Amino acid sequence: MADAGDRTGRCRDRTVLVTGATGGIGRAISELFLAEGSTVHLTDLDPERGASLAATLSDRARFHVLDVTDEAGWAVVTERIQESDGPLTTLVNCAGAALRGPLVDTSLSDFRRLVELNLTGTFLGLRTAGRHLADGGSVVNISSLNGVLPTAELGAYVASKAAVSALTRVAALEFAERGITVNAVCPGSIDTEITDRPDFAGLDWDAYVRTIPLKRRGGADEVAQAVLYLASDESRYVTGTNLVIDGGIAAGRRAT
């Protein structure tokens with residue numbers, strides 16, 4: 001965890017909800033908000049892992065079990081947050097998953113599972129934010145570079161993340177009257193456990209890295225910094241944007 005003494009308190013006294021908080025990017029986001037002075041409500045499906053993480057991080061970290069596709073679960077968690085820490089000021093929709101394989105080999109159940117987790121989960125978070133988030137608050141959705149620049153054999157993931165990016169812009173327009181900003185961060189290849197799955201095992205990562213202009217994969221902490229910026233007062237005039245964090249891949253092709 002980052003040393004809180006090195007931070008500036010850019011999100012001091014915020015009440016933050018992070019979904020998918022025990023994963024690589026979710027954990028990095030949670031750690032950074034805590035270091036910046038926020039109270040952070042971590043959510044995930046695994047109660048033991050989540051409670052252990054919250055206890056490890058800070059006395060300002062609280063854990064709630066939440067299936068982001070469960071409408072009733074969102075209502076329970078937001079009510080608990082309101083009771084313990086007052087109005088929610090910041091929502092980070094981070095829960096998500098990927099599945100690699102050709103479209104013709106993707107089962108309907110797997111496609112629906114990815115869409116439910118990546119898109120429906122984000123929709124339910126946005127609806128909760130639209131009803132309960134404090135005026136002047138912020139939402140940051142974790143989309144993907146693949147929502148902007150599709151990749152073969154990631155059909156369900158690409159479709160769901162492209163929809164997250166579009167839904168982000170709709171929410172930005174609808175929430176603007178209340179001063180709530182809504183933005184998306186679109187990570188490229190980030191070195192986390194999401195690509196440790198067996199369906200990613202055949203990738204030549206060395207060859208892939210050579211296609212990245214900055215010649216390396218990104219870190220979860222670098223995504224977290226982008227999320228913090230979009231949640232802080234430094235970005236109060238930024239809404240409806242998709243901030244790509246990809247080492248330059250989406251900029252275009254290199255000559256050599």
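The numbers here are math on the coordinates, done by the rules we state, and not lab data. Quantities reported herein were computed from a predicted structural model and do not represent experimental measurements. For neighbour counting, all protein chains shown are included, and Cβ atoms are generated from backbone atoms with ideal geometry for every residue, glycine included.
Quick notes
- Estimated FRET transfer efficiency (Arg80, Asp191; beta-carbon r; R0 30 Å; 0.05): 0.35
- Taking the chain and dividing mean pair separation by its residue count, relative contact order in percent (alpha carbons under 8 Å, at least six apart): 19 percent
- The spacing between region 107-142 and region 20-70, judged by their C-alpha centroids, is 17 Å.
- FRET efficiency for the pair Glu174 and Asp221, taken as 1/(1 + (r/R0)^6) with r the Cβ-Cβ distance and R0 = 41 Å, rounds to 0.85.
- Translational diffusion of region 4-251 was estimated from the Stokes-Einstein equation, with Rh taken as the Kirkwood radius over Cα pairs; at 10 °C and 1.306 mPa s the coefficient is 88 µm²/s.
- Gyration tensor (alpha-carbon) shape descriptor, region 1-100, a/c threshold 1.5: oblate
- Among 244-251, 124-131, the peptide with the highest mean count of other Cβ atoms within 10 Å heads the list, and the full ranking is 124-131, 244-251.
- 222 nm mean residue ellipticity, helices alone, for the chain (DSSP H n ≥ 4; -39,500 (n - 2.57); rounded to 500): -12000 deg cm²/dmol
- Highest mean first, the peptides 180-187, 165-172 sorted by other C-beta atoms within 10 Å per residue fall in the order 180-187, 165-172.
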